[in-house]
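The structure that follows is given in the form of structure tokens.
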Amino acid sequence: MTFDPLAIITAFGLIFLAELPDKTMFASLAMGTRMRPLYVWFGTSTAFIVHVAIAVGAGSLLSLLPDMVVKLVSAALFAFGAFVLLRGGDDDDEDRAARTVTGFWPVYTTAFMAVFISEWGDLTQITTANLAATNGWLPTAIGSAAALMSVSALALLVGRFIAQRVPLKTVQRFGALCMAALAVWTLIEAFTG
């Protein structure tokens, strides 16, 4: 296992961009308007850390396969990620926090469950597994967890500003372009490396 700062930055950048237009960012924003933002952040962050651990574990298993197979699977997952981002996903705001909740544990539990349930099979979980298979589990875990927690904090602090100033489609298209470029890069590596 190597500790590669570039792998941390790569994981952070990709996961950050993939999570920005995701429904969990909007769920964090919605919960933050009805509950104490810091409590919401603790709940969402814990859920994200659990999902990163699951994704990194899956990616570590992928790394046991032959290198060419891993690169082909990785390229396919990056291409799938680009497709999902270009398609746009649903704009359905799953507002699980419609009622006012107070107190640390009720807010923490509500935020944890909202994110924990909605992140299963999410693009960021798939991307994290993919990155762990190719870039190592530790830098991927650090970069991915930091990105997810940052997006949640961003949603809680300045989410309204982003929603009003930066079109969601622009963020999605930029993320899709990055994913497509990584798919092509990984395919080239698979056949030339």
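The values are calculated or read from the model by the stated rules, or taken from the named source; none is laboratory data. Note that the structure is a prediction, hence the values are computed from the model and not measured. In this analysis, Cβ positions are derived from the backbone assuming ideal geometry, glycine residues included, and neighbour counts consider all displayed protein chains. Ligands, DNA and RNA are stripped out before the accessible areas are found, and what is left, the full protein with its side chains, is counted by its heavy atoms. Shrake-Rupley method; radii C 1.70, N 1.55, O 1.52, S 1.80 Å.
Probe radius 1.4 Å, ligands and nucleic acids ignored: give me the carbon and sulfur share of the accessible area of the stretch 1-45 as a rounded percent.
On the way: 1420 of 1980 Å².
Roughly 72 percent, rounded to a whole number.
Quick check: pseudo-label points 7 Å beyond the Cα along Cα→Cβ at PHE191 and LEU64, how many nm apart are they?
About 3.0 nm, to one decimal.
At a probe radius of 1.4 Å, what is the per-residue accessible area of MET113, in Å² to the nearest 10?
80
If you count only protein heavy atoms with a 1.4 Å probe, what accessible area per residue comes out for the stretch 12-80, rounded to a whole Å²?
41
Now a separate question. ³J(HN,Hα) across the stretch 145-150 via Karplus (A = 6.51, B = -1.76, C = 1.60, θ = phi - 60°), whole Hz, x for Gly/Pro?
4, 4, 5, 5, 5, 5
Order ASP67, ASP22, ASP4 by their accessible area, 1.4 angstrom probe, all chains in place, largest first.
ASP67, ASP4, ASP22
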